[in-house]
1. I'd like to verify a number: residues in segment 737-783 that are among the aromatic types (F, W, Y) and either more than 27 Å from Y312 (Cα to Cα) or open to solvent by less than 60 Å² (accessible area, probe 1.4 Å) (or both), how many?
2. Need the failing condition index for T613 against (1) touching a helix residue (DSSP H, G or I) at 6+ places or on another chain (Cβ under 8 Å); (2) in contact (Cβ under 8 Å) with a residue 12 or more places away in the chain, just the number.
3. Hey, among T409, T375, T436, T422, which residue is among the polar types (S, T, N, Q), over 26 Å from F518 (Cα atoms) and open to solvent by less than 10 Å² (accessible area, probe 1.4 Å)?
4. With the requirement that a residue be part of a loop (DSSP other than H, G, I, E, B), closer than 28 Å to N475 by Cα and not β-branched (V, I, T), what does segment 528-556 give you?
5. Could you identify the single residue in Q639, Q680, Q696, Q676 that is among the polar types (S, T, N, Q) and open to solvent by 40 Å² or more (accessible area, probe 1.4 Å)?
6. It is to be established whether one or more residues within segment 548-557 are more than 28 Å from D293 (Cα to Cα), open to solvent by 50 Å² or more (accessible area, probe 1.4 Å) and of a type outside the set (D, E, K, R).
7. Please specify each residue of segment 247-297 satisfying the condition of being in contact (Cβ under 8 Å) with a residue 40 or more places away in the chain, under 21 Å from P334 (Cα atoms) and not aliphatic (A, V, I, L, M).
8. Within segment 726-745, take every residue that is touching a Phe, Trp or Tyr at 6+ places or on another chain (Cβ under 7 Å) and free of Cβ contacts under 8 Å to residues at least 60 places away in the same chain and give me the one that is farthest from D761 (Cα to Cα).
Amino acid sequence: MSASTRPIRDRSTVGRFPSVTLGFGEDTEEEKEQPKENNAQKENACQQWLRKVCRCCHPKSNEDDNAETLVTGSTTDLDKEDEKNDRKPVTTDIDINGNRHIGEVVLFMKANKVPDFTLSYIFVFTELLLKVRSINLMKSKSGENRTEHHTNRYHGDDFVIRRGQNFQLWITLSRPFNPNTDKLHLELKTGPLPTVSKETHVIIPLVEALEGNRWEAAVVAQDDKRLNLSVNSSPSAVIGRYQLTVETNCANGPASFTADPANDIYMLFNPWCEGDTVFMDSEDVRQEYVLNDVGRIYYGTENQIGARTWNYGQFDNGILAACLYILEKSGTLPSGWGDSVNVVRIISAMVNSPDDQGVLEGNWSGDYSGGTSPTAWSGSVEILKAYHKNKGSPVKYGQCWVFAGVVTTVLRCLGIPCRPVTNFNSAHDTDVSLTTDVYLDENLEPIDHLNADSIWNFHVWNDCWMARPDLPPGNGGWQAVDATPQETSQGSYRCGPASLAAVRNGQVYLKYDCPFVFAEVNSDKIYWQKNANGTFTQIYSEKKTVGHYISTKAVGSDERNDITDLYKYPEGTEEERIAVETACRYGSKASAFSSSKAEDVSVEVTMDGQGPTMGNDAELTITLRNSSSEKRTVTLNSQAVVMYYTGVPKATVRKHTVEVDTALDWSLEYKDYKDQLVDQAALMLTLSGRVRETQQVQATQFSFRLRTPDLIIKASKTAVVGEKTAIEISFTNPLPQVLKAVTFNMEGLGLLTARKIKYGDIGSRASVSLTEYFIPTLPGPRKLLASLDCKQLTQVHGVTDITRPTERQLIVKQSLPQQL
């Protein structure tokens, strides 16, 4: 009798295997012993291979019928049974010895012309493996995950969470989970080369009880095939975008759930987590410095402080993606993105563009053709979206307050508490002397080519909040970080984070960039006179000139908060002098630092009210103060220059020499400065001279600006979400000349996206108004911002508050003037 495989109808046992083993093992002795029957046909290679990989379907002809349980019927019959039981037959998923699939078996058999009836024995028992069918991250903005993580305001459906905090998810499996025999764990991967040792490949084990402060997961509920997992993340986890996979294992083999971009996890810093380096313990400050998407930035001079509203928009659609793109484009390794100090340092470098094609190109020339004037920006959203959309091409143009506004947006978006800070009379030390040096010739005239140090009318940078485990205790908290490209730090244009505590105490040897920040806020201004032999002698010093009215927006209100005391001790106190002396010992001119000497004459410059306005004559008062009982007369050399707000002079508009014994009214006519003004309309008056009776040297510099008018914004009717609303913008030209090619800019989070309106010319002293329309998209308190830009006049802007007393009605309230 010929050896043959019995047809299915001859088999008596019906059913499904409780387990299936497919493998390539060594032949057993029984397999090696082939029955020798008359007329037996020798098995071909295909049949031998099939019998080895699937003995259940291709047994030897003499095997006992009751030795194994077989499946009867054709594949069509079983398919129908699967459909009746709501199961879908699968033919390509089960591994054979880890590297073969049933689909390959079938193809092999067909290629070798195995009869169709033989194929009917190939069945895939996928329900015996533990497979993940779907993952539900519970991403709803109103759900527990995003609400508890304070990420429900991020636009879009991405799963955004904060590190060091628990989150929940549901997993649907192919069959009920058996904790006694089944294994399951989660895996997260980020960056181009995920590595476990670098914490960019995270394996999250399933544990019986959660402990916290580590990566772990536990089953908290089971509903048939569905598992509810509670997951904890590490408070030091790398931030960024993670791919999520689920790995399972059981007696029948492993299975993996392929990563789906819809299940990607966006991990941020967490100021609400005590284990995170950016933790803040006050909800009010977290609301202000992390969640507030609108703020105020200060500018002007110490005597004329102005404020403008800025839309940070850190939750706007596409901003989180843009911020992560900035990190990626920096070329730094994602393994370092869990360190808040490192991330802040990266952002400080990447927001400017000189050496790394960062977000913004700085421009202080006054010529902004080919880009947007820095004074025209009202927020960060348009800038960041343009940078991302154009694949990393720097946006034109920015100056210090624009750099600071963008840094605030990026750091708040990533979860690091941040605020813009304005320092009035801000020094720029170019030679690490920790002093601001002014060089004069034999006639006490400034030597321009030597005066590289400067004092900016104002400079805006950022404070960010974090612990500093890399510094001695006591140096955590607020850190200064500056993205405006001024000087390099470790080869790149960046600055900070510098501990404010270290700056205050003159501990300039602590990283990062404390000497530069110290000089900005507390350097002495030293005057040097050239001698006949070419050397210089220190002739005078001013100890209270630099670092005044350091300002930021107050928590919970639009008021200005003076934070000078965080950067320096009160001027003239023993503590302040000790800090200066401590710092200067580490400067390049330590030997030049000298103690003060007795002086009985001083010169003071003052102005009336809020100071001169654009288009009018500028009037100041020079007062000679004599503390002695004898007469004193000073021969003063005065020089007025138009300058950039950075302290760099553009043009001298008036020189004058006069003798003063009491007081002098000084003025500068409009015709003298009108053709020389640049951004911010800044001017500086330099006075220098000697007291005739004592030969005491006197010198001082006084910066001021010409105030510009505000835009007046009014709503013509009550605004309603989803309905067209009219806004009227009014403006009066303060100049006795025509404003050419005027552009109005408008934007408002939840009200309208950035809009440019090319208005045209505005006549001399003329008043104009225009009406625009917008459709509110979001309820709640909102701000509508507008600015005017043209070559002849800059720094003109306005803001209107929109409040919501009811669910559907918005009431518009005009804001107070922004000049303080």
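1. Taking segment 737-783 first, the residues among the aromatic types (F, W, Y) are 744, 759, 773-774.
Pick out the ones that are also either more than 27 Å from Y312 (Cα to Cα) or open to solvent by less than 60 Å² (accessible area, probe 1.4 Å) (or both) and you get 744, 774.
So the count comes out to 2.
2. (1)
3. Details: T409 fails: over 26 Å from F518 (Cα atoms); T436 fails: over 26 Å from F518 (Cα atoms); T422 fails: over 26 Å from F518 (Cα atoms).
Result: T375 is the single residue among T409, T375, T436, T422 that is among the polar types (S, T, N, Q), over 26 Å from F518 (Cα atoms) and open to solvent by less than 10 Å² (accessible area, probe 1.4 Å).
4. Pass one, segment 528-556, residues part of a loop (DSSP other than H, G, I, E, B): 531-535, 543-547, 554-556.
Filter once more, keeping what is closer than 28 Å to N475 by Cα: 543-547, 554-556.
Within segment 528-556, K543, K544, G547, A554, G556 meet the criteria.
5. Working: Q639 fails: open to solvent by 40 Å² or more (accessible area, probe 1.4 Å); Q680 fails: open to solvent by 40 Å² or more (accessible area, probe 1.4 Å); Q696 fails: open to solvent by 40 Å² or more (accessible area, probe 1.4 Å).
The conditions single out Q676.
6. Checking segment 548-557: not a single residue is more than 28 Å from D293 (Cα to Cα), open to solvent by 50 Å² or more (accessible area, probe 1.4 Å) and of a type outside the set (D, E, K, R).
7. Passing the criteria: D260, N263, D264, Y266, F269, N270, P271, G275, D276, T277.
8. So the first thing to find is which residues in segment 726-745 are touching a Phe, Trp or Tyr at 6+ places or on another chain (Cβ under 7 Å), and the list is 726-727, 729, 742-744.
Then keep just the ones that are free of Cβ contacts under 8 Å to residues at least 60 places away in the same chain; that gives 726, 742, 744.
Values: A726: 23, V742: 6, F744: 12 Å.
Checking each candidate, the answer is A726.
The values are calculated or read from the model by the stated rules, or taken from the named source; none is laboratory data. No experiment lies behind these values; they were computed from the predicted model shown. Methodologically, a virtual Cβ is constructed for each residue, glycine included, from the backbone with ideal geometry; neighbour enumeration extends over all protein chains shown. Quick note on the areas: whole protein, heavy atoms, side chains included, nothing else; ligands and nucleic acids left out. Shrake-Rupley method; radii C 1.70, N 1.55, O 1.52, S 1.80 Å.
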